[in-house]
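For reference, the structure discussed in these notes is given below.
The values are calculated or read from the model by the stated rules, or taken from the named source; none is laboratory data. Bear in mind that the values here come from a model prediction, so they are computed numbers and not experimental data. With ideal geometry, Cβ positions are generated from the backbone for all residues, glycine too; neighbour counts draw on all protein chains shown. Note: areas computed on protein heavy atoms with side chains; ligands, DNA, RNA excluded. Shrake-Rupley method; radii C 1.70, N 1.55, O 1.52, S 1.80 Å.
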Amino acid sequence: TSPIAGEVVTWRVQDQLVRRPVKKGQVLLTVIQPEGPWELELHLPDRRVGHVLAAREESQEPLTVWFRLASHPGKSFSGKVVDIQRSAEVQEGGGTGVMLRVAIDNYEELPDRRFGTAVTARIHCGRSPLAYVWLHEVIEVVQSRVLFWL
């Protein structure tokens, strides 16, 4: 049984489940509540986690996230970071990272609410000097790969 009332969004359910052995606790279907509230699940690479955690510690308010849907790249939407996973995991496509949950502001305004839609997101972590914003990745590579061995 589903823990929520909603709509099954798994594609071609009949074809996927016919003659398939099933174990207890195995996820068979994806059920969503199309009326909301909607959240984003963002994969944050390990190399970015430190900046987000530091910004969250400094701020009294939840961090703001600006994002764009792949299906509507010309329009920006916003949300707030609700939760950050405490442990890193191997992500699809390689590398490790953590998951972030983002509550979407005014989710009713989303033009295309579909489970699994790709988004591009930018997390506002506060203000920093321009040189640091442009060069922080170079600085971090030097710190981790050169200065580490000294």
_Please check: in the Gaussian network model of the chain (C-alpha springs, under 10 Å), which one of Val119, Val90, Val82 has the largest mean-square fluctuation._
Val90
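Can you give me the accessible area per residue for the stretch 52-150, using a 1.4 Å probe, in Å²?
On a per-residue basis, the stretch 52-150 sits at 75 Å².
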*asked:* Suppose R0 equals 25 Å. What FRET efficiency, 1/(1 + (r/R0)^6) with r the Cβ-Cβ distance, do Ala121 and Asp46 give to the nearest 0.05?
replied: 0.95
*Carbon and sulfur: what percent of the stretch 81-150's accessible surface (1.4 Å probe)?*
56 percent
_Between helix 46-58 and the chain, what is the angle of the helix's C-alpha long axis to the longest principal axis, kept within 0 to 90° and rounded to the nearest 10?_
80 degrees
_Angle between the chain longest axis and helix 130-141 axis [Cα atoms, degrees, rounded to 10]_ = 80 degrees
_Among Leu63, Leu130, Leu100: highest mean-square fluctuation, GNM of the chain, C-alpha pairs under 10 Å_ = Leu130
*Could you tell me which label, among (1) 17.4; (2) 15.5; (3) 18.4, carries the value of Kirkwood radius over Cα pairs in Å calculated for this structure?*
(3)
*Pick from Val49, Val65, Val27: which is most flexible by mean-square fluctuation in a GNM of the chain where alpha carbon atoms under 10 Å apart are linked?*
Val27
_What does the extension gain come out to for Ser87 and Trp66, with contour length at 0.36 nm per residue minus their alpha carbon separation?_
5.2 nm
